[in-house]
Amino acid sequence: MKRMLQGFFLLMFAIVVISWLIVEKQPLPIAVSFSPSPTYAEEFSEKLQETNFTQKIIQAVRKAGYSPDSTVGYLVDSPNHQIITIQLHDGNEIEKSTESEIQTIIHELAKEENMGAFIVNVQLLETK
């Protein structure tokens with residue numbers, strides 16, 4: 001009976017040790033964060049709202065003598081890839097000087113607001 005009891009405890013000890021070794025060899029779980037960090041576009045959007053950047057652009061372009069549409073389009077992937085589209089109501093054709101002047105206006109405003117550089121796309125709205 002004593003041998004049987006010793007054998008039982010030896011078997012249980014072996015099971016515990018083997019189980020412990022198996023658990024130790026398992027890789028530790030990696031903590032998964034469920035709160036995704038905001039993308040650059042989301043951060044940019046928040047900055048647009050905080051600074052009223054769109055309104056400042058529209059006002060500055062109007063002050064320069066142009067008639068922009070009341071909306072401005074943005075395509076932003078990263079700080080190095082920011083495109084802004086402005087549509088104008090006046091004229092039959094957009095001249096290079098117009099594009100250049102609006103580019104300068106936006107560049108200066110972006111610099112003031114620390115928004116980075118933009119590629120400016122100036123379009124003419126079709127009259128109906």
What is the one condition in (1) modelled with pLDDT under 85; (2) surrounded by 10 or more Cβ atoms within 10 Å (Cβ to Cβ); (3) acidic (Asp, Glu) that Glu24 does not satisfy? (2)
Within region 82-115, track down each residue that is closer than 16 Å to Leu48 by Cα and open to solvent by 60 Å² or more (accessible area, probe 1.4 Å). His107, Glu108, Lys111, Glu112, Asn114
Does region 33-53 hold any residues that are at pLDDT below 85, open to solvent by less than 100 Å² (accessible area, probe 1.4 Å) and either within 25 Å of Asn114 (Cα to Cα) or of a type in the set (A, V, I, L, M) (or both), and which are they? Ser37, Pro38, Thr39, Tyr40, Ala41
For Ser100, only one of the following conditions fails: (1) modelled with pLDDT of 90 or more; (2) part of a strand (DSSP E or B). What is its number? (2)
Listed by first then second residue, the pairs whose first member lies in region 73-95 and is of a type outside the set (S, T, N, Q) and modelled with pLDDT of 80 or more, whose partner is part of a loop (DSSP other than H, G, I, E, B) and open to solvent by 90 Å² or more (accessible area, probe 1.4 Å), with beta carbons under 9 Å and at least 6 positions apart or on separate chains, are His89/Thr127
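The values are calculated or read from the model by the stated rules, or taken from the named source; none is laboratory data. Just so we're clear, the structure is a prediction, and the values are computed from it rather than from any experiment. Ideal geometry is used to build each Cβ from the backbone, glycine not excepted, and the neighbour counts take in all protein chains shown. Side chains are part of the model used for accessible areas, which takes the heavy atoms of the whole protein and leaves out ligands, DNA and RNA. Shrake-Rupley method; radii C 1.70, N 1.55, O 1.52, S 1.80 Å.
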